[in-house]
Amino acid sequence: VRFYKRVNPNIKIIALGDSDNDLPMLKRADIPIVIKRKDGTFLKKDDSSWRISPYPAPKGWACVIEEVLEDLNF
């Protein structure tokens with residue numbers, strides 16, 4: 001992340017995760033996204049600004065990434 005930020009300070013890091021091992025990655029991302037699990041539960045968010053997918057993967061990934069890209073005007 002630091003390397004990419006040095007190369008391009010305007011870059012936005014997007015991270016998607018659904019389990020505890022994803023927390024370090026989500027905490028470092030500019031746009032952390034928690035993916036809904038198949039059983040309907042979610043990883044506990046560290047911050048209220050974290051997004052939550054409305055569906056489990058892979059539909060959840062596609063839906064939330066589409067929203068993020070739209071918000072970023074891509």
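Just so it is clear, none of the values below were taken in a lab; they were calculated from the coordinates. Note that this is a predicted model, so its numbers are computed, not measured. Don't worry about glycine lacking a Cβ; one is built from the backbone with ideal geometry, like all the others, and counts go over all protein chains shown.
Things worth noting here:
- Protection-proxy order for peptides 40-46, 17-23, each taking the mean of Cβ atoms within 10 Å per residue, highest first: 17-23, 40-46
- Lys, Arg +1 and Asp, Glu -1 on Cβ, resulting dipole of the chain about Cα centre, debye, nearest 20: 260
- Peptide packing: for 58-65, 9-16, the average count of neighbouring Cβ atoms within 10 Å per residue gives the ranking 58-65, 9-16, highest mean first.
- Modelled label reach - Cys63, point 7 Å along Cα→Cβ, region 1-38 residues with backbone N closer than 12 Å: 35-38
- Rounded to the nearest angstrom and listed largest first, the equivalent-ellipsoid semi-axes of the chain from its Cα gyration tensor are 22, 15, 9.
- For the chain: lysine pairs under 17 Å (alpha-carbon distance), excluding those fewer than 8 apart on one chain: 8
- Residue-averaged [θ]222 nm for the chain, counting only DSSP H segments that reach four residues, each worth -39500 (n - 2.57): -9000 deg cm²/dmol
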